[in-house]
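Novice: Handing you a structure now.
The values are calculated or read from the model by the stated rules, or taken from the named source; none is laboratory data. Since the model is a prediction, treat every value here as computed from it, not as a measurement. Because the Cβ atoms are built from the backbone with ideal geometry, glycine has one as well, and the counts that use them run over all protein chains shown. Side chains are part of the model used for accessible areas, which takes the heavy atoms of the whole protein and leaves out ligands, DNA and RNA. Shrake-Rupley method; radii C 1.70, N 1.55, O 1.52, S 1.80 Å.
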Amino acid sequence: MALSQRLDLRQSQALVMTPQLQQAIKLLQLSNLELSAFIETELEENPLLERDDTPVDGAVVGLTPYVLNGRTYGERIEIQPSDAPSLVVSLTNLRIDPSLSVGSTVASATSKLGTVLQLSGVERQALARVTQDAGDHVAVTVHTSATLATP
């Protein structure tokens, strides 16, 4: 009887579907109406959740054209939050409401800022890949406000 030594190396890979990943996949497949219904249900069932229909309370500090590939598509609205004056919230992909002007005061969930533009034919909407709609949406960014240097 002959004895021999042998060394084997094996490698494997596995994908673990965590509960968070499963929920994320489920949510990404919902339409806007289904997602709204899901959110309402979660708000009713979980007392620790509360609705925040921002974007923000504050003052309009800028209304400029939104330019994409050299063409103007709606406007950019910049709002300085009343509770965070060092920040500016910018919203694009909108056609502004005619009553809105620089200096206007806006209140979250009550002030009409404008209507969402349908830009799905103009730019490739990232959300369209994972939703059941065209992916048209308002883009919101937050940045620090510019400070003026005084001599």
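Novice: Could you please tell me which pairs satisfy a Cβ distance under 9 Å, a separation of 6+ or placement on different chains, a first residue in the stretch 135-151 that is more than 20 Å from residue 84 (Cβ to Cβ), and a second residue that is at pLDDT 80 or above and open to solvent by less than 50 Å² (accessible area, probe 1.4 Å)?
Specialist: 136/93; 137/93
Novice: When you look at residue 90, is it open to solvent by less than 80 Å² (accessible area, probe 1.4 Å), closer than 16 Å to residue 64 by Cβ, at pLDDT 60 or above and small (Gly, Ala, Ser), yes or no?
Specialist: The answer is yes for residue 90.
Novice: Mind listing whichever residues of the stretch 29-40 are more than 16 Å from the chain's Cα centre (by Cα) and either exposed (fewer than 11 other Cβ atoms within 10 Å of the Cβ) or not in a loop (DSSP other than H, G, I, E, B) (or both)?
Specialist: Passing the criteria: 33, 34, 37, 38, 40.
Novice: Separate question: When the residues of the stretch 52-91 are filtered to those that are without any contact (Cβ under 8 Å) to a residue 24 or more places away in the chain and touching a Pro at 6+ places or on another chain (Cβ under 8 Å), which remaining residue is nearest to residue 42 (Cα to Cα)?
Specialist: Among those that are without any contact (Cβ under 8 Å) to a residue 24 or more places away in the chain and touching a Pro at 6+ places or on another chain (Cβ under 8 Å), it is 76.
Novice: Now a separate question. Right, residue 43: over 23 Å from residue 142 (Cα atoms), at pLDDT below 85 and either open to solvent by less than 70 Å² (accessible area, probe 1.4 Å) or not hydrophobic (A, V, I, L, M, F, W, C) (or both) or not?
Specialist: Against the criterion (over 23 Å from residue 142 (Cα atoms), at pLDDT below 85 and either open to solvent by less than 70 Å² (accessible area, probe 1.4 Å) or not hydrophobic (A, V, I, L, M, F, W, C) (or both)), residue 43 qualifies.
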